[in-house]
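Written below as structure tokens is the structure these notes are about.
Values quoted throughout were computed directly from the atomic coordinates according to the rules given, and no laboratory measurement underlies them. Only a predicted model underlies this, so the values are computations on that prediction, with no experimental measurement involved. Reconstructed Cβ throughout: ideal geometry from the backbone, glycine too, with neighbour counts over all protein chains shown.
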Amino acid sequence: MSTITTAILFTLFLWWFSTGLILYLDGLPRRTFARSLYAASVMAVCALCAIIVASRDTSALSTFIGFSAAVVIWGWQEMNFLMGGVAGPRREACPPGASELKKFQFATEAILYHELSLAACMLLIYVATWQQVNQIASQTFLLLWIMRLSAKLNLFLGVRNQYSNFLPPQLRYLASYFGKRPLNLLFPISVTASSAVAFLLWQGAISAQATPHEVAGFSLLGTLLVLAVLEHWFLVLPLPVESIWRWALGSRATAASPPADPAEA
């Protein structure tokens, strides 16, 4: 039971702190981006090395390490995207009056390079851990990718809360691709399916036959998936989400540089 408690608290802190740190850094003036991305890139390389080592061992500690390293690489990708380095070939707002089909095409073009970069990272992790006994890193990255893709599709189809203020100035044009409606048909499918998977993960975590590696892995993934489901509910419920990361969003108000032209990002 101590492993489960540790996994829950650890994942909660990692989710809260890593999200806030990225929001804080991408809200700073553009002149700081190169330094931030360099540091994140070094951490990503170290994280990949940690994943390779951890994949050969099934101890609970190695499971925590592999999980954390996958989140670091995911965070590095998010920083590249939010700082305008890897977004897509389209760097402008959706034209007024565009059809839904055209809007979807333009939205895909706006994030295409980022999605391809995520796919490349996931492939790299799978290759680096191929046929190894500990697959927590690849499982973590895949879970993050699926749930983030679900959130993007729900934003496109339309939700109550768009949280466009979470976008840094260089990506504000992306808000033009968000739909605005109380709910869309994909949302109940997304939360129901992911909640069912979370239930199965937690069943595995509390199983009497589970090994320490399985208890740690199922608990980490289960908590992460519950948080991803919670983030989906943030899109439709009137909750003060900004207050969770108020300390991080403050960098947008104090940034010295004016918003940049998206075409120059």
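Under 8 Å for C-alpha pairs, at least 6 residues apart: give me the relative contact order for the chain, rounded to a whole percent.
30
Per DSSP helix of 4 or more residues, -39500 (n - 2.57); summed, then divided by the residues of the chain. What does that give at 222 nm, rounded to the nearest 500?
-22500 deg cm²/dmol
What is the ratio of the Cα radius of gyration of region 115-162 to 2.2 N^0.38 Å, where N is its residue count, to two decimals?
Ratio of Cα Rg to 2.2 N^0.38 Å: 1.44.
In which sequence would T129, T5 go, from the one with the fewest C-beta neighbours within 10 Å to the one with the most?
With the sparsest Cβ surroundings first, the list reads T5, T129.
Any chance you could run the full-extension gain for S99 through E214? It's 0.36 nm times the residue separation minus the Cα-Cα distance, nm to one decimal.
Separation in residues times 0.36 nm, less the Cα-Cα distance, equals 36.7 nm.
Per the Debye formula with a single identical scatterer at each Cα and no solvent contribution, what log10 I(q)/I(0) holds for region 133-202 at q = 0.11, 0.22, 0.25, 0.26 Å⁻¹?
The Cα Debye sum returns log10 ratios of -0.36, -1.00, -1.11, -1.15.
So which aspartates and glutamates can K152 reach, going by Cα to Cα under 13 Å and dropping same-chain residues fewer than 8 places off?
Output for K152: E115, E231.
Place the peptides 204-214, 160-170 in order of packing, highest mean first, counting for every residue the other Cβ atoms within 10 Å and averaging per peptide.
The most tightly packed comes first, giving 160-170, 204-214.
Using Cα atoms only, what is the angle between the long axis of helix 136-157 and the major principal axis of the chain, expressed in degrees (0 to 90) to the nearest 10?
Taking Cα atoms only, the helix is inclined about 30 degrees.
How large are Rg and Dmax for region 2-254 when only the alpha carbon atoms are used, in Å?
Radius of gyration, then largest Cα-Cα span, for region 2-254: 18.4, 58 Å.
Treating the beta-carbon of each Lys and Arg as +1 and of each Asp and Glu as -1, no other charges, what is the dipole magnitude of the chain about its Cα centre, to the nearest 20 debye?
Dipole magnitude for the chain comes out near 520 debye.
Label-point separation (nm) for W233 and R181, each offset 7 Å from Cα along Cα-to-Cβ?
2.3
Which value, in debye to the nearest 20, describes the size of the charge dipole of region 23-113 about its Cα centre when Lys and Arg Cβ atoms bear +1, Asp and Glu Cβ atoms bear -1, and nothing else is charged?
Charge dipole of region 23-113: 260 debye, to the nearest 20.
Sort L186, L61 so the one with the fewest other Cβ atoms within 10 Å of its own Cβ comes first.
Starting with the residue having the fewest Cβ neighbours, the order is L61, L186.
Between the alpha-carbon centers of region 1-65 and region 88-134, tell me the distance in whole angstrom.
Going from one Cα centre to the other spans 22 Å.
Once the cut-off is 16 Å, how many percent of the Cα-Cα pairs in region 1-81 end up in the long-distance tail?
So the portion of pairs separated by more than 16 Å is 56 percent.
How would you order 27-39, 220-232 from highest to lowest mean count of nearby Cβ atoms within 10 Å?
Going from most to least packed, we get 220-232, 27-39.
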